[in-house]
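What follows draws every value from the coordinates through simple rules; no lab data is involved. Given the structure is predicted, the values throughout are model-derived calculations rather than measurements. Positions of Cβ are backbone-derived with ideal geometry, glycine not excepted, and every protein chain shown enters the neighbour counts.
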Amino acid sequence: MVKTLNDLAQLADYSLMNALNRDPDASEDGVDYAPREVFSGHYVPVKPTPIENPVYIAHSKTFFSELGFADTLAESPAFVKMFSGDMSSVPEPMNKLGWACGYALSIYGTEYYQQCPFGTGNGYGDGRAMSVYEGVLNGKRWEMQLKGGGRTPYCRGADGRAVLRSSIREFLAQEHMHALGIKTSRSLSLYTSNVETVKRPWYKEGSYSKDPEVMIEEAVAISTRVAPSFIRVGQVELFGRRARKNEHPNAMKELEMIVLHLIDREYSDTIDNNLTLAEKVLLLASEFRGRLTSLVANWIRVGYCQGNFNSDNCAAGGFTLDYGPFGFTDVFDPEYQPWTGGGKHFSFFNQPNAAEKNFHVFCVALAPLLKANEDSLAKLNEIRNEFAKVMQEEMQKMWAQKLGLSTFDGGLFKELKGLLLETSVDYTIFFRELSDLPQDIEALKKSFYKKQLSEATLNRWSSWLKMWNILIDVSDTKSRETRSNEMKLVNPKYSLREWFLVPAYQQATTGDYSLIKEMQEIMINPYTEQSKEIEAKYYRLKPSEFFEVAGISHISCSS
């Protein structure tokens, strides 16, 4: 049991810093806060900037248990100090500096450079995220990263802070996603400052604007997220670009190093270390394709939209990363997009296409390692070209499970999609109610936003339900109960909707964290029937007064 920070220190094992190259231009003391170009190396040592007067808000009891941490650790002074950004007195053999990494940016498969302040791509990366610990806990390797821990060379002139609002969203969303059974970075702890604030653009209360109208003062916070690694597609892409362009003498070697490190951190259970480099690269592409297609199908299963699924927001380990402008859909809408700057290319039903673009970028980044081997390059292209086919298979498998079918039925699904759109249906509530295997439409009406339906629509619903009941083929009580339970394991009852989150972070500004703790308990049990009081509060249609309201139905950023 890890009861003290000293206990945690003894488990430290910094494989990234031991295996990869440090930026040769990095400062020794880690005070490296001004935007600058980082030309080579895999990481920059950085000293976090602690928040003033840290205040404990929450920790993940579930994850603490998995890691073997005592719950008392979260509020112990040494732990609070480290995970609110002050590493000045961490015990040995812990490193007193954190580290930040550069990455490249591709938006929907197109390479971008202008987001880098130098126009070269050498100044884009972890601007306010820095890892502070890596170790083996309960037999698994984990990396811990502060979000909002201050400026790095990649900050692009920003202050390196995260605000309380976005930190609460990410803290709750990560543990909810894990409870939904979907691979994700995890939440460790959440601290805020009772004195330090920053200004951020936001909306006037009750506004319908798509763009922020005012600057508001917000409390800063630091959340710690944890993952086997934080290597992104964009990170591999950065080294792939450099190797492709031969930007420096060590470029190809650094690409090989980051790819082999990724395999070691994320794929060592499926990729044999004795294989040749070419064999490893091909297996990596194939394994990542399987993880990415499964991930996106599961996002759609639970109504989640990533909002900004660029290559730099796509974990190379195939899990959910970077809860920025995300959202869980209320009304079923294939074009649902919580982020006003995201466009349809990152909308709810377009996520498979966005994933394919990121996979293309990943394969392009790997290609320089295979340029001397035409057969291997051809195989890489084959793996890349079959992404859409594999993605479609995952989607069909997912829809069959949501509908309780042994095999996907395209006609049934097409008709359902049309009915869901025409009737204006709550996505989560509809599929949960369907999991009770209703014979008629009455039970499903609980999920309908549109209360007055035409006779023709009602008849279509009746016909659809009749066909669906034939296809699920459950003829006795026991088989019905089994099928219903199976469906309830893939159709959650509770999802983390934005209109639940808003009151939580509004209350938190006054020092009241009770709603955060309440939702934390509810959202880690999303498939479970809970109390009548909880059901009345969290299993209901979105109130009409929240539709199209800025900061609830859409957000411009997540600062």
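How would Trp99, Trp499 line up from fewest to most surrounding beta-carbon atoms within 10 angstrom?
Trp499, Trp99
What does the chain give for Rg and for Dmax, in Å, if only its C-alpha atoms count?
So, for the chain, Rg and Dmax equal 23.9, 74 Å respectively.
If you place +1 on the Cβ of every Lys and Arg and -1 on the Cβ of every Asp and Glu, how big does the dipole about the Cα centre of the chain come out, in debye to the nearest 20?
That gives a dipole near 620 debye.
Give me the angle, in degrees from 0 to 90, between the Cα long axis of helix 351-366 and the longest principal axis of the Cα atoms of the chain, rounded to the nearest 10.
30 degrees
Please report, to two decimal places, log10 I(q)/I(0) for the stretch 1-139 at q = 0.15 Å⁻¹ as given by the Debye formula with identical point scatterers on the Cα atoms and no solvent.
-0.85
How much space per residue, in cubic angstrom, does the convex hull of the C-alpha atoms of the stretch 235-398 take up?
It is 115 Å³ per residue.
Rg to Rh ratio, the stretch 117-239, alpha-carbon atoms and Kirkwood radius?
Across the stretch 117-239, the Cα-based Rg/Rh ratio is 1.01.
Pull out a ≥ b ≥ c, the square roots of the eigenvalues of the alpha-carbon gyration tensor of the stretch 308-368, then state rounded if a/c is under 1.5, prolate if not and a/b is larger than b/c, and oblate in the remaining case.
The shape class here is prolate.
Is the stretch 178-283 best put as rounded, prolate or oblate by its Cα gyration tensor, with a ≥ b ≥ c the root eigenvalues, rounded for a/c under 1.5, and otherwise prolate when a/b is larger than b/c, oblate when not?
The shape class here is prolate.
Using only Cα atoms, tell me the angle between helix 514-523 and the longest principal axis of the chain; keep it within 0 to 90° and round to the nearest 10.
Around 70 degrees separate the two axes.
Between Arg540 and Val195, what is the label-to-label distance in nm when each label sits 7 Å out along the Cα-to-Cβ direction?
So the label points at Arg540 and Val195 sit 4.2 nm apart.
Modelled label-to-label distance, Ser514 and Lys397, 7 Å Cα→beta-carbon offset: nm?
Here the answer is 4.5 nm between the modelled labels.
Given contacts defined as C-alpha pairs under 8 Å and at least six residues apart, what's the relative contact order of the chain, whole-number percent?
14 percent
To the nearest µm²/s, what D does Stokes-Einstein give for the stretch 246-298 at 4 °C and 1.567 mPa s, using the Kirkwood radius over alpha carbon pairs as Rh?
107 µm²/s
In vacuo Debye scattering of the stretch 107-179, one point per C-alpha: log10 I(q)/I(0) at q = 0.13 Å⁻¹?
-0.57
At a Förster radius of 60 Å, what calculated FRET efficiency corresponds to the Cβ-Cβ distance of Asp7 and Asn459, to the nearest 0.05?
For Asp7 and Asn459, the calculated efficiency is 0.35.
List Lys493, Lys532, Lys445 from most exposed to least, where exposure is judged by having the fewest other Cβ atoms within 10 Å.
Sorted ascending by nearby Cβ count, the order is Lys532, Lys445, Lys493.
Under the definition of Cα pairs under 8 Å and six or more residues apart, what whole-number percent is the relative contact order of the stretch 5-231?
23 percent
Which one, Val390, Ser311, Ala372, projects farthest toward the positive side of the charge dipole computed for the stretch 235-398 from Cβ point charges (K/R +1, D/E -1)?
Of the listed residues, the answer is Ala372.
Mean separation of Cα pairs under 8 Å and 6+ residues apart, divided by the residue count of the stretch 90-149: what relative contact order is that in percent?
Answer for the stretch 90-149 is 29 percent.
What's the local net charge at Pro93, with K and R +1, D and E -1, over the other residues with C-beta under 15 Å away?
-3
Just to verify a number: FRET efficiency for Gln507 and Ser88, C-beta to C-beta distance, R0 = 30 Å, to 0.05?
0.35
Grab the Cα-Cα distance for Asp71 and Asn525, subtract it from 0.36 nm times how many residues apart they are, and report the gain in nm with one decimal.
Here the segment from Asp71 to Asn525 would lengthen by 161.5 nm.
Which angle between 0 and 90 degrees, to the nearest 10, do you get for helix 387-402 versus the longest principal axis of the chain when only C-alpha atoms count?
Rounded to the nearest ten degrees, it is 50.
Between the stretch 9-24 and the stretch 119-139, how many Å separate their Cα centres?
Cα centres, the stretch 9-24 to the stretch 119-139: 12 Å.
What is the magnitude of the charge dipole of the stretch 235-398 about its Cα centre, with +1 placed on the Cβ of each Lys and Arg, -1 on the Cβ of each Asp and Glu, and no other charges, expressed in debye to the nearest 20?
It works out to roughly 320 debye.
Report the paramagnetic label zone for Val214: residues of the stretch 162-202 whose backbone N is under 17 Å from a point 7 Å from Cα along the Cα-to-Cβ axis.
Those under the cut-off are 165, 198-202.
For the stretch 5-231, just the Cα atoms, rotate onto the principal axes and tell me the three extents in Å, largest first.
46, 46, 36
Give the cross-link partners of Lys371 among the aspartates and glutamates, using a straight C-alpha distance below 13 Å as the criterion and excluding same-chain residues fewer than 8 apart.
Within the straight-line limit of under 13 Å, Lys371 reaches these aspartates and glutamates: Glu256.
Which order do Ile216, Ile516 fall in if you start with the one that has the fewest other Cβ atoms within 10 Å?
The most exposed by this proxy come first: Ile216, Ile516.
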